[in-house]
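*Asks:* Here it is: the structure, laid out below.
The values are calculated or read from the model by the stated rules, or taken from the named source; none is laboratory data. Quick caveat, the model's predicted, so the values are computed rather than measured. Cβ: placed from backbone, ideal geometry, glycine included. Neighbour counts: every protein chain shown. Surface areas here come from the heavy atoms of the whole protein model, side chains and all, with no ligands, DNA or RNA. Shrake-Rupley method; radii C 1.70, N 1.55, O 1.52, S 1.80 Å.
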Amino acid sequence: MTQVAASILAADFGRLAEEVRAADRAGADLIHVDVMDGRFVPEISFGTPVIRAVRAATRKPVEAHLMIAEPERHLDSFARAGADRVLVQVEAASTTHLHATLLQARALGLEAGVVLDPATPPEAAEWVLPLCGVVLVMTVNPGAGGRTFLPEVLPKIGRLCAMGAALGHCPRIAVDGGISLANTGAAIAAGAEILVTGTAVFHAADYAAAIAALRGGSDRA
Ligand code: DX5
Ligand code: ZN
């Protein structure tokens with residue numbers, strides 16, 4: 001079944017624990033924490049203390065999407081803060097030695113995943129697929145919530161699945177950015193198994209109805 005990851009970037013930070021608990025109760029399968037450093041992306045968001053606070057508010061898996069330079073310097077701290085999974089950008093502007101960074105994450109007991117920016121070809125992830133539980137295909141340029149979904153990146157998903165099949169290891173595919181009822185059907189049809197959503201959950205009047213509708217891939221719910 002399609003999973004929904006609630007991205008706290010769109011939550012009310014003044015009531016963060018309450019917002020995480022509300023998303024948990026509403027049926028979110030996991031909580032997605034966007035770490036931004038003002039270098040890999042222009043904005044600065046939050047880091048270890050917020051991961052710790054999110055961890056304390058839910059038993060659901062917590063994943064950290066690392067939009068930062070040199071993520072290898074922080075993996076230990078994110079693991080100790082209680083993250084279950086880290087998602088590392090494949091671009092060299094983030095980490096120079098991607099394979100080593102993913103091995104480091106796994107050695108810390110974290111599940112590893114990689115992230116592809118819209119301009120990054122799926123082949124950039126090919127030789128690290130066996131280390132990954134998840135590949136996240138960005139459907140907006142990273143760095144902010146509320147951006148417009150880019151349908152042209154969806155064909156990457158089929159290419160990733162074919163590469164994974166050839167290697168005998170198919171990570172789950174996630175999509176992140178601009179996900180709404182207008183495009184969740186297309187994303188699921190293209191092969192996405194995890195929908196990362198900020199605005200579409202935390203700006204909804206009814207989080208449970210929003211999550212159920214997104215998961216269903218249409219506005220039926
Ligand atoms: C964007 C982040 C996303 C963001 C998605 O750089 O990686 O996780 O929170 O937010 P929406 O769903 O509002 O596009
Ligand atoms: Zn994200």
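*Asks:* Dipole size in debye (nearest 20) for the chain around its Cα centre, Lys and Arg Cβ +1, Asp and Glu Cβ -1? Before the final figure, lay out each step's value.
*Replies:* On the way: 18 positive and 23 negative charges, 92 e Å.
Around 440 debye, computed over the chain.
*Asks:* Distance in nm between label sites at Asp12 and Leu108, each 7 Å beyond Cα in the beta-carbon direction?
*Replies:* Result for the modelled spin labels: 3.2 nm.
*Asks:* I've got another one for you. One-quarter of the Cα convex hull surface for the chain, in nm²?
*Replies:* On the way: hull surface 42.6 nm².
Approximately 10.7 nm², given one-decimal rounding.
*Asks:* Using the heavy atoms of the protein chains and a 1.4 angstrom probe, tell me the accessible area per residue for the range 3-216 in square angstrom.
*Replies:* Working: 8590 Å² over 214 residues.
Per residue, the range 3-216 has an accessible area of 40 Å².
*Asks:* With the chain treated as a Gaussian network of Cα nodes joined by springs under 10 Å, which of Asp84, Asp76, Asp206 yields the largest mean-square fluctuation?
*Replies:* Result for the chain, Cα springs under 10 Å: Asp206 fluctuates most.
*Asks:* Still on this structure, I have one more. Highest mean first, how do 147-153, 190-196 rank when packing is the count of other Cβ atoms within 10 Å averaged over residues?
*Replies:* 190-196, 147-153
*Asks:* Would you work out the relative contact order for the chain, in percent, from Cα pairs under 8 angstrom that are 6 or more residues apart? Numbers along the way, then the final one.
*Replies:* Values: 480 pairs, mean separation 46.6, N = 221.
After rounding, I find 21 percent.
*Asks:* Could I ask something else about it? What's the center-to-center distance, using Cα atoms, between the range 43-113 and the range 140-173 in Å?
*Replies:* Computed from Cα coordinates, the inter-centre distance equals 19 Å.
*Asks:* With N denoting the number of residues in the range 105-182, provide Rg(C-alpha) divided by 2.2 N^0.38 Å, to two decimal places. Numbers along the way, then the final one.
*Replies:* Working: Rg = 12.9 Å, N = 78, 2.2 N^0.38 = 11.5 Å.
Taking the Cα Rg and dividing by 2.2 N^0.38 Å, one obtains 1.12.
*Asks:* At a 1.4 Å probe, what is the % contribution of carbon and sulfur to the accessible area of the chain?
*Replies:* Numbers: 5060 of 9240 Å².
That share works out to 55 percent.
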